[in-house]
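Here's the structure, in structure tokens; my notes come after.
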Amino acid sequence: MALAVGTLPEHATEAASRQSPPEGGSEFTPLLRDIKGQGLLERRTGWYMRTIMVNALALAAVATGMALIGTSWWVLALAPVLAVLGARTAFIGHDAGHSQITGNRSVSRAIGLIHGNLLLGMSYAWWNDKHNRHHANPNHIEKDPDVAADVLVFTSEQAATRVGFRGWLTRHQAWLFFPLTLLEGLALKLSGFQDLRRQTGRERVVEGALLVAHVAGYVTLLLTTMPLGHALAFAALHQALFGLHLGMAFAPNHKGMEMPDPDGDKWGHLRRQVLTSRNIKGGILTDWFLGGLNYQIEHHLFPSMPRPHLRLAQPMVKAHCRDLGIPFVETGLIDSYRQALQHMYEVGEPLRADI
């Protein structure tokens, strides 16, 4: 059974999207001026304080529930809840890394270390380094680490070099994508520990100590609240659903969108961010589930914009793109997954044809 193959909506306007910016000024500057004029870059510290507090109380409530019903298999019902709260925690760390919560770098780092290293076992320094490189050159095959050939590949050139087991993965990557995200939570933790070799001095000590503290605290929580069998089942379910949730949040954003030609036209900031990103339609529930990443275009244009302002900025960004004739891609959540999987399916097509 094959995925439906067809022309992606965003590729229908490829000619317009690749048009070079007009000379005589930046396309981004007028939009930036309007956004600043509306106060949308001003931080919402109170909103974030409430969000952090509610998340912390919810995590404490789950831990309490684990202690109260840990001897019963019903404790497994709390694993999906903890996975969802883990994603909220990751979103807070993400926003701290972009200085959305506060302009104080030390405070941002402290928030990131608590929510990343301590609560999730994910290295804040590793994530920031990787994520900032992605933001600077989204979907750029040579500069964006998120589209580097690894378990998955995103271009036919990458696919052409795959043989053996990796070739099998590439042939079936569209079908394997969501199952593979079940391992994403563990992969992110492992990457954080591996990155300690890159870090030096005090950063390595602090990051490493908090990562170890997370592992010790997580294992202690499980073994002191439930029998070993329950603990193993809880950990497996929790980590798998946590990875799946993150995969569902990140998958719609860029996969299947424009990939700048390293030797081609030089795009300005506006086109580089808009043409490589996809927004997801929806309301408050979508905003909550995806942590504001459904406004991927606005987030990439204004990384330090507080999460609650992204929805307010969208009409201005959309109108500005319309005036310039730049495609603004926005679709539903299910269709975004279809487009992303379709792209991965098409990338693997040459390897299937060789069988």
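Computed from the coordinates by the stated procedures, all read-outs in this text should not be read as laboratory data. What you see is a predicted model, and the numbers here were worked out from it, not measured in a lab. Every residue, glycine as well, gets a Cβ built from its backbone with ideal geometry; the counts of neighbours run over all protein chains shown.
Using a 10 Å cut-off around each Cβ, can you sort TYR295, TYR345 from fewest to most neighbouring Cβ atoms?
Sorted ascending by nearby Cβ count, the order is TYR345, TYR295.
Need the list of lysines near LYS318 for cross-linking: C-alpha distance under 26 angstrom, and skip anything on the same chain fewer than eight residues off.
LYS36, LYS255, LYS266, LYS281
Taking the Cβ of each residue in LEU310, LEU169 as the centre, tally the other Cβ atoms inside 10 Å and list the residues starting with the fewest.
Numbers: LEU310 24, LEU169 18.
Final ranking by Cβ density, sparse to dense: LEU169, LEU310.
Given contacts defined as C-alpha pairs under 8 Å and at least six residues apart, what's the relative contact order of the chain, whole-number percent?
Value for the chain: 27 percent.
Checking the a/c ratio against 1.5 first, then a/b against b/c, what shape does the Cα gyration tensor give for the chain?
Judged from the Cα gyration tensor, the chain comes out oblate (a/c at least 1.5, b/c at or above a/b).
Normalised by the empirical 2.2 N^0.38 Å for globular proteins, what value does the Cα Rg of segment 76-235 take? The partial results should precede the final answer.
Working: Rg = 17.8 Å, N = 160, 2.2 N^0.38 = 15.1 Å.
With N residues counted in segment 76-235, Rg over 2.2 N^0.38 Å equals 1.17.
So what's segment 128-181 giving for Cα Rg divided by 2.2 N^0.38 Å, two decimals?
Here the answer is 1.22, to two decimals.
Please report HIS135, HIS300, HIS245 as a ranked list, fewest other C-beta atoms within 10 angstrom at the top and most at the bottom.
The order, fewest Cβ neighbours first, is HIS135, HIS300, HIS245.
I'd like the trypsin sites (Lys or Arg not before Pro) in segment 105-162 restricted to DSSP loop residues with at most 15 other Cβ atoms within 10 Å, sorted by number.
Of the trypsin sites (Lys or Arg not before Pro), the ones in loops of segment 105-162 whose Cβ has at most 15 other Cβ atoms within 10 Å are LYS143.
Toward the positive end of the charge dipole of the chain, about the Cα centre and with charges on Cβ (Lys, Arg +1; Asp, Glu -1), which of LEU275, LEU169, PRO306 goes farthest?
PRO306
What are the trypsin sites (Lys or Arg not before Pro) within segment 180-268 that DSSP puts in a loop, where the Cβ has at most 10 other Cβ atoms within 10 Å? Kindly include the intermediate steps, with their values, before the conclusion.
Numbers: sites: LYS189, ARG197, ARG198, ARG202, ARG204, LYS255, LYS266; in loops: ARG197, ARG198, LYS255, LYS266.
In loop regions of segment 180-268 (DSSP not H, G, I, E or B), the sparsely surrounded trypsin sites (Lys or Arg not before Pro) are ARG197, LYS266.
Given a Förster radius of 51 Å and the C-beta distance between GLU349 and THR71 as r, what FRET efficiency does 1/(1 + (r/R0)^6) yield to the nearest 0.05?
0.50
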